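Colleague: Mind having a look at this structure? Questions to follow.
The values are calculated or read from the model by the stated rules, or taken from the named source; none is laboratory data. Since this is a predicted model, take the numbers as computed values, not measurements. Here the Cβ is made from the backbone with ideal geometry for all residues, glycine too, and neighbour counts use every protein chain on show.
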Amino acid sequence: MPAEKKRVFVGNLPADTTQADVTKLFSNFGSVLSVEIKQHPNSSTFAFLDLKTDEDKLKSCKICCFSKYVKQFHGMYR
């Protein structure tokens with residue numbers, strides 16, 4: 001299946017997360033086209049990213065992000 005552009009939501013990020021942090025982490029799953037980091041007062045930081053990937057890599061991304069990579073992300077960038 002050819003790679004397609006997918007919009008991915010990533011929540012509960014450290015407040016000091018940068019676009020480069022998100023790009024580095026998610027480039028394992030495809031080409032990161034754009035990253036938007038949002039932060040609301042008194043709320044957690046989150047991001048939307050556009051990722052060019054195929055369906056199998058996207059499934060892997062979802063599985064990993066809820067386990068190893070989120071833990072690694074929080075440990076690495078805090």
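Colleague: Only one of (1) modelled with pLDDT of 80 or more; (2) part of a helix (DSSP H, G or I) is not met by residue 60, so which one is it?
Modeller: All conditions are met except number (1).
Colleague: Find the residue count for the range 1-18, including only residues that are within 20 Å of residue 58 (Cβ to Cβ) and surrounded by 12 or more Cβ atoms within 10 Å (Cβ to Cβ).
Modeller: We begin by selecting, within the range 1-18, every residue within 20 Å of residue 58 (Cβ to Cβ); these are 1-13.
Checking the rest, the ones that are also surrounded by 12 or more Cβ atoms within 10 Å (Cβ to Cβ) come to 3-6, 8, 10, 13.
Of the residues in that region, 7 qualify.
Colleague: Within the range 19-44, take every residue that is surrounded by 12 or more Cβ atoms within 10 Å (Cβ to Cβ) and of a type in the set (A, V, I, L, M) and give me the one that is farthest from residue 55 (Cα to Cα).
Modeller: Among residues in the range 19-44 that are surrounded by 12 or more Cβ atoms within 10 Å (Cβ to Cβ) and of a type in the set (A, V, I, L, M), the one farthest from residue 55 (Cα to Cα) is 37.
Colleague: Take the residues in the range 1-31 that are among the aliphatic types (A, V, I, L, M) and within 11 Å of the chain's Cα centre (by Cα); name whichever of them is modelled with the highest pLDDT.
Modeller: 20
Colleague: Also, I was wondering about something else. Of the residues in the range 1-51, how many are of a type in the set (D, E, K, R) and not in a strand (DSSP E or B)?
Modeller: At the first step, the residues of the range 1-51 found to be of a type in the set (D, E, K, R) are 4-7, 16, 21, 24, 36, 38, 50.
After this cut, where a residue has to be not in a strand (DSSP E or B) as well, the list is 16, 21, 24.
Of the residues in the range 1-51, 3 are of a type in the set (D, E, K, R) and not in a strand (DSSP E or B).
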